[in-house]
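What follows is a set of notes on a single structure, which appears directly below.
Bear in mind that the values in this text are calculations on the coordinates, not laboratory data. Worth saying up front: this structure is predicted, and the values here are computed from it rather than measured. For neighbour counting, all protein chains shown are included, and Cβ atoms are generated from backbone atoms with ideal geometry for every residue, glycine included.
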Amino acid sequence: MRNLILASLVVTLFAACKGAPDTLPIFGNREPVTKTVDGKTVVDTVYQTIPDFKTINQQGDSISSKNLDGKIYVADFFFTTCPSICPIMHRNMLAVYEAFRTDDNFKIISYSIDPKHDTVAVLKKYADKLGITGNNWWLLNGKKKRSIPCQKATW
């Protein structure tokens with residue numbers, strides 16, 4: 001199944017990119033930074049990143065950004081009572097989950113934007129309804145802050 005999904009993505013990518021430039025586009029905010037490295041002036045690009053966090057998943061386990069070190073992950077935001085886009089998004093995300101569910105280097109992290117309602121028990125019930133098992137897709141509940149500033153990665 002995983003190979004079929006990957007093969008479909010490759011075929012789609014080649015069909016969509018016919019006649020397209022050889023480089024992939026870069027999306028998101030970025031900032032050019034000039035610095036000196038080994039006595040030479042170089043321009044580097046600084047991208048926004050998800051700030052460090054510590055929260056709880058649907059199993060009641062403590063999860064922090066350190067759990068994602070060295071991992072490839074997809075992050076999204078949702079709430080369990082969302083009647084429109086969230087269920088559609090998560091049904092589509094299930095295909096990604098199924099393709100990579102045995103890959104320990106891949107995670108999906110879904111942050112609830114309604115932590116008062118979306119308790120660990122509610123998140124667990126939602127995960128069970130979707131068929132999420134194992135440790136590759138975390139539904140996260142944490143304290144809601146007024147704003148979370150984006151941090152810039154430094155390389």
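Our estimate of slack between residue 89 and residue 77, defined as 0.36 nm per intervening residue step minus the Cα-Cα distance, is 3.3 nm. Would you please classify the overall shape of segment 17-137 from the alpha carbon gyration tensor, given that a ≥ b ≥ c denote the square roots of the eigenvalues, rounded means a/c under 1.5, and beyond that prolate means a/b larger than b/c while oblate covers the rest? It comes out prolate by the Cα gyration axes.
Among the listed pairs 71/129; 66/107; 54/107, which are separated by more than 19 Å between their Cα atoms?
Values: 71/129 26 Å; 66/107 13 Å; 54/107 16 Å.
Going by Cα-Cα distance, 71/129 fall outside the 19 Å limit.
Taking 0.36 nm per residue of sequence separation and removing the Cα-Cα distance, the residue 119/residue 104 pair yields an extension gain of 2.8 nm. Put simply, when 76-89, 31-44 are sorted by average Cβ atoms within 10 angstrom per residue, most first, you get 76-89, 31-44. For residue 75, the shell of other residues with beta-carbons less than 14 Å away shows a net charge of 0, using +1 for Lys and Arg and -1 for Asp and Glu.
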